[in-house]
1. Output the relative contact order of the chain, whole-number percent, from Cα pairs under 8 angstrom with separation of 6+ residues.
2. When only the heavy atoms of the protein chains count and the probe is 1.4 Å, how do 273, 311 rank by accessible area, highest first?
3. Would you mind calculating the relative contact order of the stretch 93-157 from Cα pairs under 8 angstrom and at least 6 residues apart, reporting the percent as a whole number?
4. Would you mind getting me the FRET efficiency between residue 195 and residue 113? Use the beta-carbon distance for r and R0 = 41 Å, nearest 0.05.
5. Multiply the residue gap between residue 325 and residue 284 by 0.36 nm, knock off their C-alpha separation, and tell me the result in nm, one decimal place.
6. Could you tell me what percent of the accessible area of the chain is made up of carbon and sulfur, with a 1.4 Å probe and every protein chain present?
7. Enumerate the amide H contacts of residue 162 below 5 Å, restricted to partners 5 or more residues apart or on another chain; note that Pro and chain-start residues carry no placed amide H.
8. Take every Cα pair under 8 Å in the stretch 41-110 that's 6+ residues apart, average their separations, divide by the length, and report that relative contact order as a whole percent.
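The values are calculated or read from the model by the stated rules, or taken from the named source; none is laboratory data. This is a predicted model, so every value here is computed, not measured. Here Cβ is always computed from backbone atoms with ideal geometry, including for glycine, and neighbour counts include all displayed protein chains. Surface areas here come from the heavy atoms of the whole protein model, side chains and all, with no ligands, DNA or RNA. Shrake-Rupley method; radii C 1.70, N 1.55, O 1.52, S 1.80 Å.
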Amino acid sequence: MMAPTRLVLVLLMLASAISGQTGYHITKRIPIGGDGGWDYLTVDPDARRVYVSHGTEVDVIDADTAVIIGKLTDLKGVHGIALASTLNRGFISNGQSGTITAFDLKTLKRVGDDIPAGKNPDAIIFDPASSRVFAFNGRSSDVTAIDAELSAPVGSVALEGKPEFAIADAQNAVYVNIEDKNVMMRIDARKLLVEQKWKLEPCESPSGLTMDRSTRRLFVGCHNKMMAVINANDGKLITTMPICEGIDATAFDPETKMIFNSCGDGTITVIHEDSPDRYKIVETIKTRAGSRTMAVDTKTHKLFVPAAEFEPASAGKGTRPKMVTGSFSVLVLEK
């Protein structure tokens, strides 16, 4: 049975969804510093840790005390962190070196030599059904499969374009957005074969991806300011919802049925799943400009959002403003 305090929290969040607001706001800022950029971050809700990609290192934060408790250093352009908790292993994608670093979740020490992947491994996930890690290589347009227990590659799958983010359904299927083709591909995690390819129209440049495994619904954050809801069984479009601008990450909280879309414009669009086929916008939360990624702690329902201060944008079109050295931090959002 759910603990009483957690039950009360979930009921309050559901009531907030009905009333049209969540009450999320920034309650803490965790200074990290340095001048490295960032990409994904990952929460381990059971071990109470938050893993933050940060240039050439991964910063590890206590999810409850908001204190930095460790670092993994000397990495090569970190993009993402995947956790195989049952095996006490973590895996880091190094975009610059085309490798994956395995580490011990308890000691934060490296395990063995770095594992070869494709060109620019970016998104990385663990699939419990196959006990494999999947690293999605942006420049070689393929995915590297790794035996999580042995920390060794077992094969690869060619994709039809640039993979962005991915998620496993824990039933032997892995789903991945192909950003430059506006499609989603479903991969058999054991056979390492592409089973299906689905067009995501009207979604353009799919980026964020998460899933409600109980309803078999995929939530796709798209760069044309919409979130597409896809049936994971047949690829059919259920509906679309408007979201913020500059989407990068989409996260789902299974207890509250809240879907979070974080964007570079400094906002998070919150959507509630009323039923498998019905959704409503709950709120737009303010974060910081450039805070395009995030992760949700499914135990406490907190959000962790990387942030930094930036210098004025240069005249070049499409160039990102330079981060102010030492300003990198992680924001904690809660009720």
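1. Working: 908 pairs, mean separation 45.5, N = 335.
Once normalised by length, the contact order is 14 percent.
2. On the way: 273 10, 311 85 Å².
Order by accessible area, largest first: 311, 273.
3. On the way: 142 pairs, mean separation 15.8, N = 65.
Once normalised by length, the contact order is 24 percent.
4. On the way: r = 32 Å, r/R0 = 0.79.
E between residue 195 and residue 113, to the nearest 0.05, is 0.80.
5. On the way: separation 41, 0.36 × 41 = 14.76 nm, distance 2.88 nm.
In short, 11.9 nm is gained.
6. On the way: 7150 of 14030 Å².
For the chain, the apolar C and S fraction of the accessible surface comes to 51 percent.
7. For residue 162, whose amide H was placed from the backbone, the distant partners under 5 Å are 179, 180, 181.
8. Relative contact order, the stretch 41-110: 21 percent.
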